[in-house]
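The values are calculated or read from the model by the stated rules, or taken from the named source; none is laboratory data. Given the structure is predicted, the values throughout are model-derived calculations rather than measurements. As a convention, Cβ positions derive from the backbone with ideal geometry for all residues, glycine included, and neighbour counts pool all protein chains shown. Protein only, heavy atoms only, side chains kept; ligands, DNA and RNA dropped before computing areas. Shrake-Rupley method; radii C 1.70, N 1.55, O 1.52, S 1.80 Å.
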Amino acid sequence: MSINPTQPIPIYYQLKTLLLEEILSGRYGPEARLPTEHELCKQHAISRTPVSRALSELADEGVILRHRRRGTFVNPHWLARRPDQPEVRVVVSEGPWGDLLRDVAPDELQVNLITVPLRSLHRVLTHAVAEGQAPDLAILDSVWIPEFAADGFLRQLDNLDPDWFRKEHEPDFLEPIAEANRYEGRTFGVSPFANIAGFWYRRSAVQALGLLPPRTWSELRTVGRAAAENGLQHPIVMTGGSKGGETTAYCLIAFLESNGARVLATEGVTLDSRATAQALRFLRSLVDDRLMSIDVLGYEWTEPVRLLAEGKAAISFGGSYETRTLAEALDVPLDELWDHVGFMPVPAGPAGAPATVAGTMSYVIFRQASQPELAMRLLQRAVAPDELARVARASGRIPARRSAVSLAAPSPQFLAQTVDMLERAALRPPTPLYPRVSAQLQSMLEATLTGRLGAAAAARRTAELIGAITGLPVLHQVDSVSGAAAVAR
């Protein structure tokens, strides 16, 4: 078929029909890019107006996906549709989430799945909802649940199958993770796995110094100084700015918790406290004393654990989700990783105790879902204890169910310890505006590490910005004495 301008059929409709036929014939697979508007104009000798309309209608009908700067692609959900078989449309990010669903899907159910980069996941999901094309089932960071639930995007899962929640979810899922999936007391997500913030250390590097893994800030400084004197280039590493994204906020919140500081409380924004200023001042002192490089400002989330694996760092702050990455970087089997590294909570500050923060990716079902019951049954299969235990043994991930932890033990060896840490973990601030709060926390750390703002000033400014974002009152607790909180040395 070719476009004939002399026919009474509109040119845009001819082009739309032609593209549809080419898609159905297999000319453009899910990974193949369709021609650009300019290329289609040139190929068919037509103006841009009919080309733009044809592509817009195909996008509106869900046939194609248009990505800014990347191009136009066939929507695999549309391409894989079979009218004789029910389907569940799924969007996930990188990780085990998609394979977990495919592996447990019954033969009579189609799972039409799109995988997008984690950094684009929030934008892709909100855009899909805005266009009325939300998937049935998706994975997302649990910290987005308050935002999505408050906006009415999600279905309340404990209403879809109350018996399953009463008999399986409530007694078996680890409470910090179950709490992370609630908004205003209602459950909107179910997590297959959990992760926690803390620090990794090279056993050989710390043992060579004749020291134990640090449990306080003072001990952390001692390990860092000994490692520097031993010639280690990067004694302590972490992500220190917006380049590290959520990992920066995740670790910073754990540092604040380790000194008894909180970002939000029921009564308002509590970030502007002596405990916060003390934590920021301590982190800045690590840079001043050359125990942590100012280059951490430019680290992406994978950089600290890479430096640890290469023997260039003794301590790396990050998360338990880095388990498999670390094993691969060290070129050791997962069940031998614990022989080479350890993982512990963030050391205690002068006003606190060792602390960690729990995070998780969660399966959710959208209000726009056309198959919510099928999506719920698929979700339940994916989080069955034997499935979670199988993935945990292969990846080192922490199952969100106690029964799955028992099935996965004793491999990997560190599973029992990380689960114990998880049971006592704090959560990131549960606010619908968390992404914006996280960005402010990242900026606060950047301002402190660069010296652009003093610790107390950075805490006060960030608290006021978070108050403006959330509409919550700001509770100022830092006194005017610049040295009110001494740095542990």
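So here's what we get for this one:
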| read-out | value |
| --- | --- |
| Pair list, Cβ < 8 Å and 6+ apart or interchain, from the stretch 284-297 residues that are touching a residue at least 12 places away in the same chain (Cβ under 8 Å) to residues that are among the hydroxyl-bearing types (Ser, Thr, Tyr) and open to solvent by 60 Å² or more (accessible area, probe 1.4 Å) | ILE294/THR450; LEU297/THR450 |
| Near pairs, Cβ below 7 angstrom, 6+ apart or cross-chain, from the stretch 352-365 (without any contact (Cβ under 8 Å) to a residue 12 or more places away in the chain) to any residue that is surrounded by 23 or more Cβ atoms within 10 Å (Cβ to Cβ) and assigned to a loop (DSSP other than H, G, I, E, B) | none |
| The stretch 143-171, residues that are touching a residue at least 60 places away in the same chain (Cβ under 8 Å) and surrounded by fewer than 17 Cβ atoms within 10 Å (Cβ to Cβ) | ALA150, ASP151, GLY152 |
| All positions within the stretch 106-132 that are part of a loop (DSSP other than H, G, I, E, B) and over 17 Å from VAL63 (Cα atoms) | PRO106, ASP107, GLU108, LEU109, VAL116, PRO117 |
| One residue from ARG401, ARG424 being open to solvent by less than 40 Å² (accessible area, probe 1.4 Å), touching a residue at least 60 places away in the same chain (Cβ under 8 Å) and closer than 30 Å to TRP97 by Cβ | ARG401 |
| Filter result for the condition that a residue is part of a helix (DSSP H, G or I) and among the small types (Gly, Ala, Ser), over ALA314, ALA275, ALA261 | ALA275 |
| Pair list, Cβ under 8 Å, 6 or more apart: the stretch 51-70 residue under 13 Å from LEU20 (Cβ atoms), other residue open to solvent by 40 Å² or more (accessible area, probe 1.4 Å) and in a strand (DSSP E or B) | LEU55/ARG66; ALA59/LEU65; ALA59/ARG66 |
| Among (1) within 25 Å of the chain's Cα centre (by Cα); (2) farther than 23 Å from LYS243 by Cα, the one test that LEU326 misses | (2) |
| Lone qualifier among HIS122, HIS127, HIS77 - being open to solvent by 10 Å² or more (accessible area, probe 1.4 Å), more than 14 Å from the chain's Cα centre (by Cα) and modelled with pLDDT of 85 or more | HIS127 |
| Given (1) in contact (Cβ under 8 Å) with a residue 60 or more places away in the chain; (2) open to solvent by 20 Å² or more (accessible area, probe 1.4 Å), number of the condition SER93 does not satisfy | (2) |
| Residue in the stretch 5-16 that is open to solvent by less than 60 Å² (accessible area, probe 1.4 Å) and closer than 27 Å to LEU113 by Cα present | yes |
| Residues of the stretch 20-39 satisfying the condition of being within 17 Å of HIS67 (Cβ to Cβ), in a helix (DSSP H, G or I) and either at pLDDT below 85 or open to solvent by less than 50 Å² (accessible area, probe 1.4 Å) (or both) | ILE23, GLU37 |
| Residue within the stretch 133-142 that is hydrophobic (A, V, I, L, M, F, W, C), under 22 Å from SER93 (Cα atoms) and either free of Cβ contacts under 8 Å to residues at least 12 places away in the same chain or in a helix (DSSP H, G or I) (or both) present | no |
| Subset of the stretch 366-378 (residues that are in contact with a Pro (Cβ under 9 Å, 6 or more places away or on another chain) and over 19 Å from ASP151 (Cα atoms)) | GLN371, LEU374, ALA375, ARG377, LEU378 |
| Test: residue in the stretch 65-77 that is charged (D, E, K, R) and closer than 30 Å to ALA394 by Cβ | no |
| Selection from the stretch 378-394 of residues that are at pLDDT 95 or above and open to solvent by 10 Å² or more (accessible area, probe 1.4 Å) | GLN380, ARG381, ALA384, PRO385, ASP386, GLU387 |
| Sole residue being surrounded by 22 or more Cβ atoms within 10 Å (Cβ to Cβ) and at pLDDT below 95, chosen from GLU175, GLU246, GLU184, GLU257 | GLU246 |
| Subset of the stretch 194-204 [modelled with pLDDT under 95 and either open to solvent by 10 Å² or more (accessible area, probe 1.4 Å) or out of contact with any strand residue (DSSP E or B) (no Cβ under 6 Å at 6 or more places or on another chain) (or both)] | ASN195, ARG202, ARG203, SER204 |
| Residues of the stretch 211-231 classified as crowded, with 17+ Cβ neighbours inside 10 Å and under 12 Å from TYR201 (Cβ atoms), total | 6 |
| Any hit, the stretch 459-468, residues being closer than 26 Å to PHE343 by Cα, without any contact (Cβ under 8 Å) to a residue 12 or more places away in the chain and surrounded by fewer than 17 Cβ atoms within 10 Å (Cβ to Cβ) | no |
